[in-house]
Structure formats: structure tokens, C-alpha cells
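Below is one structure; the comments refer to it alone.
The values are calculated or read from the model by the stated rules, or taken from the named source; none is laboratory data. What you see is a predicted model, and the numbers here were worked out from it, not measured in a lab. Note that each Cβ is placed from the backbone with ideal geometry, even for glycine, and that neighbours are counted across all protein chains shown.
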Amino acid sequence: MLRFLTAGESHGPCLTAIVEGLPAGLAVDVEAINHDLGRRQGGYGRGGRMEIERDRVEILGGVVYGRTTGAPVAMRIENRDWANWRERWRSGDLPQLSVPRPGHADYAGMVKYGLQDARPISERASARETAARVAVGALARQLLGHFGAAVGSYVTEIGGVDAQVPDLPDEELWALAEASDLRCPDAEAADQMRERIDEARQAGDSLGGVFVVSVIGLPVGLGSHVHWERRLDARLAWAVMSIPAIKGAEIGPAFQNARRPGTLVHDQIYPDGKGGITRHTNRAGGFEGGMTNGMPVVVRAAMKPIPTTVSPLRSVDLATGKKAQTEYQRSDVCAVPAAAVVGEAMVAWTLADALIEKLGGDSVEEMKRHSSEA
């Protein structure tokens, strides 16, 4: 029902996105999109690129008088660093990158596309592309908000430091995350994480970690059990795993559940006294049978350490076939907090798609009518 495409390179003129399938009549809050773009740029451990870019979105089509028209929405985010690259980019006066960096898309991309230079691969595979995804996800978040759903995130681990996440409602956890430069709701753990990041910076290394995206206010029955590709938890895992450097995703505490007996895993059902049901736990992460079950959706993702490190890594110069070492390219020491914001965007996008699939309708008002009739 929904789809989007992004285009652009890390050091090119801009990033662009085309969003198709949004219903007509959605009020677009551009400053809310810019706020999310700013959240993606923050976080302790970010590199020098974030001091250059000041991401803001420009709506180029599909929005008239502040509302979507049902046509594709076109968006543009300027790359301010383009000014430092323009002349060399246009003249071709850039050194060839023939030494693939371990952990990057360089080697596989060079082989796949028959290239002797990794630059075209690294420019597109760069996590800079996720700025466009955050803009796209912000539109999806605004659509979800019309139907009472909200999305947030927080970081639970960086560099081996585990946060003790307090037992609080999701909104309160999100508020604690927003107040932290590491998006961590545990202040003591955040202090230790900063120390680990400082140590990694001094050692010329990088760190990964774990973040959680949660969603509240979703109706029961998004997704379906009837075909493999309609299971919404699987679609969420796919979306989150598409984020650069994300190497694992789980719904709820899936790996903990795998080590427990069933009686300590499955969320028992109780009458709520109002003719409905309630649950005291959410170990299923908001899903049963590939469908939302009314509990908060919880998606946890593992991010590997950024593969660009000051300390060189062993590689091979594909131009000569000889041993080589990687050369440092400007990068972050840790980008887990930023990845959490990108995670929000991909989760919001996937759930907005499922909501349109469930309710149908070419306009927000038609979707609302269908929602009230359901």
C-alpha cells in the first residue's frame, strides 16, 4: 500500500525521497519532520560530519496548502558538505578507493558491479541515506498519530554496558531517553557508556549496542497469520534489519523467552471487568500469530560497531593484489542513539503501511470512517 524510494550519495548535492500511497488530507508538520532529523544527528559519540550538516527537509511535491493530495510526496534534504566536494566530484579529481574496508559494502559492491573503485559503493551505502528514511518515517508517524498511535525509542546497551531500564510506562521511558545524549533511560549506565565511548575514541576504535523501539495505541489485528509475507512482526524485523549496521532484531525479549519454559513466557489473559481482556505481561512484544494483539509493540535491534575505525584494519589493494591497510575516513565512534531514531522511522513506516492495509481509504477522513465502523 505504501512505498518509498530514496536517492542520493553521502557527499552528493542532496538526498531525495519519493513517498507513494499516503492518503489525501494528512496535515504535514514540516517542523516535526525537521525535529526528527535533528534527533538523528544527535548523540554522544558522533563524528565531525554532524557539525557540518543541519538537516532540514524541503517538500517538493504532493503537499498543497499543508496537506497531502494523494499524489506522491517528494522531499529533499540538502547535503551541506557538498560545498566541500563539488569541484573534485565534478572534475573526477578524487583518489580511487581500491582498498575495501572490512565491514563495509565496499568489497561485495565492487565485485557485484564490476568496479575498480569503492567510492560509488561507499557513497550510496553510507548511513547518510538514513536521513531520508527519517523524513519518510516522520510522515508515517504523523499518520499513525491521527489514529492514536505513538512511537518512541531508547538505548539499552553500548559497548557492553547494560542499562537497568526502569519499569515505567513507555511515554516516561521515551521522555528519559529524550533528555539523554545517549537516549538511555538509566543515567548511571549512561555515564558508564560515555566512559566506554571516550576510551574507544582514544583507542581509535568504535562501539555498537542495542536499542528498543516501542509503539503504543495500535489496534488489535494489524498484519495477518494467513501468509508468511503478511505476518507483521516479520515485516518489522525486515524493516529494522535494513538499517545499516543493524545485524539482529527481535520482537519483545525473544532470546530470553527462548531460554524459559512456556508457562513463564506466554502472556496470560484476564477479564478487564469491562467486557474485554487485559494482560499483566507483554513478553510477546505486542504480537501473536503475526498480528498486533493490543499490547505495546516492542522491537529490539543490535547494532554492530561502526566499521570505520581510526586504527587501520588489514585488507587487500584490489588494484595490485597486495596486502594493504584501510585508511581512516571521517566517521562516528558510536551511532547507536542515532540508529534508534532511524529505527523509529522504519517501525513507524511499516506500521503505517499495515494500518492503511487494514482500514483502506484514499483519504484520512475515509480511513477514520472505516476505523469507527470497525
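So the values come out like this:
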quantity: Residue in the range 253-269 that is in contact with a strand residue (DSSP E or B) (Cβ under 6 Å, 6 or more places away or on another chain) and more than 29 Å from Asp186 (Cα to Cα) present; calculated: yes
quantity: Matching residues in the range 226-265 - criterion: being out of contact with any helix residue (DSSP H, G or I) (no Cβ under 6 Å at 6 or more places or on another chain), outside any loop (DSSP other than H, G, I, E, B) and small (Gly, Ala, Ser); calculated: Ala234, Ala237, Gly248, Ala254, Gly262
quantity: Pair list, Cβ under 9 Å, 6 or more apart: the range 315-339 residue without any contact (Cβ under 8 Å) to a residue 40 or more places away in the chain, other residue among the acidic types (Asp, Glu); calculated: Lys323/Asp317
quantity: Contacts under 6 angstrom Cβ, first residue in the range 111-126 being more than 16 Å from Pro244 (Cα to Cα), partner modelled with pLDDT under 95 and of a type in the set (A, V, I, L, M, F, W, C), 6 or more apart; calculated: Asp117/Leu97; Ala118/Leu97; Arg119/Leu97
quantity: Condition broken by Asp29, with the remaining ones in (1) in contact (Cβ under 8 Å) with a residue 40 or more places away in the chain; (2) crowded, with 20+ Cβ neighbours inside 10 Å; (3) within 15 Å of Val136 (Cα to Cα); (4) not polar (S, T, N, Q) satisfied; calculated: (2)
quantity: Number of the condition not met by Leu60 [criteria: (1) loosely packed, with under 15 Cβ neighbours inside 10 Å; (2) farther than 26 Å from Trp349 by Cα; (3) at pLDDT 95 or above; (4) not basic (Lys, Arg)]; calculated: (2)
quantity: Flag if Thr292 is over 18 Å from the mean Cα position of the chain (by Cα), among the β-branched types (Val, Ile, Thr) and farther than 20 Å from Ile246 by Cα; calculated: yes
quantity: All positions within the range 351-374 that are assigned to a loop (DSSP other than H, G, I, E, B) and touching a residue at least 40 places away in the same chain (Cβ under 8 Å); calculated: Gly361, Asp362, Ala374
quantity: Complete set of residues in the range 11-26 that are surrounded by fewer than 20 Cβ atoms within 10 Å (Cβ to Cβ), in contact with a helix residue (DSSP H, G or I) (Cβ under 9 Å, 6 or more places away or on another chain) and either within 19 Å of Trp82 (Cβ to Cβ) or not aliphatic (A, V, I, L, M) (or both); calculated: Gly12, Pro13, Cys14, Thr16, Gly21, Gly25
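Okay, residues lined up against (1) hydroxyl-bearing (Ser, Thr, Tyr); (2) within 20 Å of Ala189 (Cβ to Cβ); (3) surrounded by fewer than 21 Cβ atoms within 10 Å (Cβ to Cβ):
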| residue | (1), (2), (3) |
| --- | --- |
| Glu123 | no, no, yes |
| Thr130 | yes, no, no |
| Arg133 | no, no, no |
| Val136 | no, no, no |
| Leu139 | no, no, no |
| Val155 | no, yes, no |
| Ala163 | no, yes, no |
